[in-house]
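A.B. asks: Sharing a structure here in structure tokens format.
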Amino acid sequence: MGIYSCIGTSLEEVKQSLYEGKSGIVYDEERKAFGFQSALTGMVPKPDLKNLLSRRQRVSIGEETEYAYMATLEALKNAKIDDAFFDENEVGILYGNDSVSKAIIEATDIIREKKDTALIGSGAIFKSMNSTVTMNLSTIFRLRGVNMTISAACASGSHSVGLGFHLIKSGLQDIIICGGAQEINKYAMASFDGLGVFSPKETDPAKASRPFDSNRDGLVPSGGGATLILESYESAVKRGAPIVAEVIGYGFSSNGGHISTPNVEGPATAMRRALEQAGVQPCEIGYINAHATSTPLGDANEARAIFEVFGESNPYVSSTKSMTGHECWMAGASELIYSTLMMQNDFIAPNINFETPDEASQKLNIASKTVNKKFDIYLSNSFGFGGTNSAVVVKKFKE
């Protein structure tokens, strides 16, 4: 695994932030000056790629790919995959990304001002396509396997892992680099802010994201990059890879309803399918990483769906978005990493800012503080605009 997030730019740093319940949300003056209703955001440092990539490579790389590249470098190192490995082995890439704003706007601005498309530059097209992450990373790492971008709104990162799981299970690939990336610049979130769904709590950024709390008043946007390297068991054992965990189930569904308002049936179906494929009962799940973004209806409907599926077994639930904000296209991948770090280190990260439950959330076992607890299996939820749902079940690896 590898991570580049607003709560840390390495697995070790992120693990610490999760344990401490540390928020990565800040107030961004630039957004306010730009005309945002809410200037809150998760913030990640800009990577310095000068010593890592050639100028030619850097020309075609946009913000989201920079984050994805940094996360992938860490993941490859942890997977003990070096540069020479790609020449001898077929490795694929499936990465979640569902928009590219900055590169498109910058190119358009040049045309409007100069009235000459030749001045846009040779890298603009590769920066501005939705598949920018996979096209750049597959070129940098000389990947020869499956190569595509999964665009499924805020479930993109999760679906990339689920589809990678199926391709490996079916014997079509041995190793796939999976993940999700999200740019955090002001252009990327302006239209989202225009919907009025961001929390207005600008005076206290760390308290703004309040999943499941009755006083929640909107989400906080965020971003970064998250990479998980999926591999068949046989391949991993053969090359002596340090196996972290096993994906055992993936469930998906579509709500078939409103474009932005989630329901209960769709998420419940995805969770049931994931459990069924994993061959586990609800009572075997030790932790649920909820999608809950801190919106009034979304959180309530997810709480109802979780209770409908898990009922009396009552596993611990938390939304790490309380700390990170909503990492959008990256979230499904990063939250698998957050949950795996917890499972590896025997704790459940808190759903910070959860002070007063509402009618739906009071039925759940929500961890409002860090819980020191061993667990072997978790489920992670990711839902997105258009009613796309993904649920992934992961199990601790034991020799």
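A.B. asks: Output the residue which, of all residues in the range 223-274 that are in a helix (DSSP H, G or I) and under 23 Å from Met1 (Cα atoms), is farthest from the chain's Cα centre (by Cα).
C.D. replies: Looking at the filtered set, the residue picked out is Lys238.
A.B. asks: Still on this structure: Restricting attention to the range 363-391, report how many residues are closer than 23 Å to Arg272 by Cβ and either out of contact with any Ser or Thr (no Cβ under 9 Å at 6 or more places or on another chain) or in a helix (DSSP H, G or I) (or both).
C.D. replies: Number satisfying all stated conditions: 9.
A.B. asks: Considering only residues that are surrounded by 24 or more Cβ atoms within 10 Å (Cβ to Cβ), closer than 22 Å to Val247 by Cα and β-branched (Val, Ile, Thr), which ones fall in the range 291-333?
C.D. replies: If the condition is that a residue be surrounded by 24 or more Cβ atoms within 10 Å (Cβ to Cβ), closer than 22 Å to Val247 by Cα and β-branched (Val, Ile, Thr), then Ile306, Val317, Thr320 are the ones that fit.
A.B. asks: Follow-up question, since we're still on this one. Any chance the range 334-353 includes a residue that's in contact with a helix residue (DSSP H, G or I) (Cβ under 6 Å, 6 or more places away or on another chain), in a helix (DSSP H, G or I), crowded, with 24+ Cβ neighbours inside 10 Å and polar (S, T, N, Q)?
C.D. replies: no
A.B. asks: So, one more: All but one of (1) modelled with pLDDT of 95 or more; (2) outside any loop (DSSP other than H, G, I, E, B); (3) closer than 20 Å to Glu183 by Cβ; (4) not charged (D, E, K, R) hold for Pro47, so report the exception by its number.
C.D. replies: Here Pro47 meets the rest and fails (2).
A.B. asks: Next up: For Ser131, indicate whether it is surrounded by 17 or more Cβ atoms within 10 Å (Cβ to Cβ), of a type outside the set (A, V, I, L, M, F, W, C) and within 17 Å of Gly223 (Cβ to Cβ).
C.D. replies: Details: surrounded by 17 or more Cβ atoms within 10 Å (Cβ to Cβ): yes; of a type outside the set (A, V, I, L, M, F, W, C): yes; within 17 Å of Gly223 (Cβ to Cβ): no.
So Ser131 fails the test.
A.B. asks: Kindly indicate whether Thr293 is assigned to a loop (DSSP other than H, G, I, E, B), touching a helix residue (DSSP H, G or I) at 6+ places or on another chain (Cβ under 7 Å) and among the polar types (S, T, N, Q).
C.D. replies: So Thr293 fits the description; yes.
A.B. asks: Can you find, within the range 102-142, the residue that is farthest from the chain's Cα centre (by Cα) among those that are more than 16 Å from Gly180 (Cα to Cα) and small (Gly, Ala, Ser)?
C.D. replies: Among residues in the range 102-142 that are more than 16 Å from Gly180 (Cα to Cα) and small (Gly, Ala, Ser), the one farthest from the chain's Cα centre (by Cα) is Ala118.
The values are calculated or read from the model by the stated rules, or taken from the named source; none is laboratory data. The structure presented is a predicted model; accordingly, all values stated were derived computationally and were not measured. Positions of Cβ are generated from backbone atoms using ideal geometry, with glycine treated the same way; all protein chains shown enter the neighbour counts.
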